[in-house]
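Visitor: Please see the structure below; I have some questions.
The values are calculated or read from the model by the stated rules, or taken from the named source; none is laboratory data. Since the structure is predicted, the reported quantities are computational estimates derived from the model, not experimental observations. Here the Cβ is made from the backbone with ideal geometry for all residues, glycine too, and neighbour counts use every protein chain on show. Note: accessible area is taken over every heavy atom of the protein model, side chains too, but ligands, DNA and RNA are not part of it. Shrake-Rupley method; radii C 1.70, N 1.55, O 1.52, S 1.80 Å.
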Amino acid sequence: EKTLNCLEQAFQKALSLLFGLLRGLKWGAERCGAAMNHVQLQVLTLLGAAAKTAIALWKAKKAKKEALRRRSQGVSVSFLVSDLDQMLTQEFGDKYNEKTTFQEVGCWLWGSPDEGEARFQGKPDFLGHATMDNPDTHEPGVSLCQAIAAKFPRHVRPATIFISWTWRYPVKALLEALSKYCADHRLDPSTTFAWLCFMCNNQHEWLSGAPNDGVEGFGGMIKRIGKVVCVVDSFSASQAIYFSRLWTVFEVFIAHINGIAIDLALMSDAVELLNRTAFGDVKQSLVVDVMKATATVPADEENIKRIIQKAPNGPDGVNDAVKGLFLTLFTQLLKQ
């Protein structure tokens, strides 16, 4: 966006100079005849080329805004909890159950890294997402969110909450937590639109090995949506998946330093454990160590940890900020 704006400004300046030159040439042509007419023709040709460039820049800027609009859309919680759950059962039968994780469903839909370039071949065209035309590349393969928008448009709108979570969670447990979050906060699940990377990123792009700046992509999405809901499986260091994953801790830190609202949605097991645990024990059990947390993609892990090293007070500052924030959220939940 910034680059396109700079190019537009440069074009406007060049256009102004060309018009000034044309005015001078008109005056000079009356005195220099055919030679000046030739130069004037050259300038007009240059002006035409500049106009074509301006049109191309305008189209590129428009396309980028439209792509960002699509990528910022979320899926209604009501669709996720009801329709998506039923569709997964219909697609995968008995192998989709209470213990099935998003990571497993991802392998069913998009293969595994071990399959290399063949990872997308022969996979289910769930919701038609694999064969739908990508408006950005004009190649087959869109996000599940875009596929849902085509079939069930009322369930896709600009996202109202960014979900911080991990693909290692069981699908049904996460959906249950989102449903309970809406009920606890008196939100209409049909008008609460969740941005989950699993649903809203085009996995044909993200998992193909093509370069993607996750830090910029996820950080920018958090800022655009303006609200983060952390779906946490446990506060106990020995059990929690959430605090062992680098992306989730980093997402919370980004939201925190940018003053973005953060809410907590606990899975049912965590709620039961929290209700029978003294706050002192919760504080002791909660461990945040960002430098020990991991990411699936090594390049992402290196990039995030490099940023964290440069943060105010370094990794310790990030650990303290994230732990302090979650202790506050857990305290508020206990008071309820």
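Visitor: Considering only the range 204-216, I want to know if a residue exists there that is farther than 22 Å from Gln73 by Cβ and at pLDDT below 95.
Guide: Yes: one or more hits.
Visitor: Kindly indicate which of Asp300, Asp263, Asp269 is outside any loop (DSSP other than H, G, I, E, B) and in contact with a strand residue (DSSP E or B) (Cβ under 6 Å, 6 or more places away or on another chain).
Guide: Going through Asp300, Asp263, Asp269 in turn, the sole match is Asp263.
Visitor: Going residue by residue through the range 123-131, is there one that turns out to be closer than 27 Å to Leu246 by Cβ and either open to solvent by 70 Å² or more (accessible area, probe 1.4 Å) or out of contact with any Cys (no Cβ under 9 Å at 6 or more places or on another chain) (or both)?
Guide: There is no residue in the range 123-131 that is closer than 27 Å to Leu246 by Cβ and either open to solvent by 70 Å² or more (accessible area, probe 1.4 Å) or out of contact with any Cys (no Cβ under 9 Å at 6 or more places or on another chain) (or both).
Visitor: Separate question: Do you know which of the residues in the range 126-150 that are among the aliphatic types (A, V, I, L, M) and not in a loop (DSSP other than H, G, I, E, B) is nearest to Trp206 (Cα to Cα)?
Guide: Leu144
Visitor: Which one of Val282, Val287 is open to solvent by 30 Å² or more (accessible area, probe 1.4 Å), farther than 21 Å from Gly226 by Cα, in contact (Cβ under 8 Å) with a residue 40 or more places away in the chain and of a type in the set (A, V, I, L, M)?
Guide: Only one candidate passes the filter, namely Val287.
Visitor: Out of the residues in the range 93-107 that are in a helix (DSSP H, G or I) and touching a residue at least 24 places away in the same chain (Cβ under 8 Å), which is most open to solvent (accessible area, probe 1.4 Å)?
Guide: Gln103
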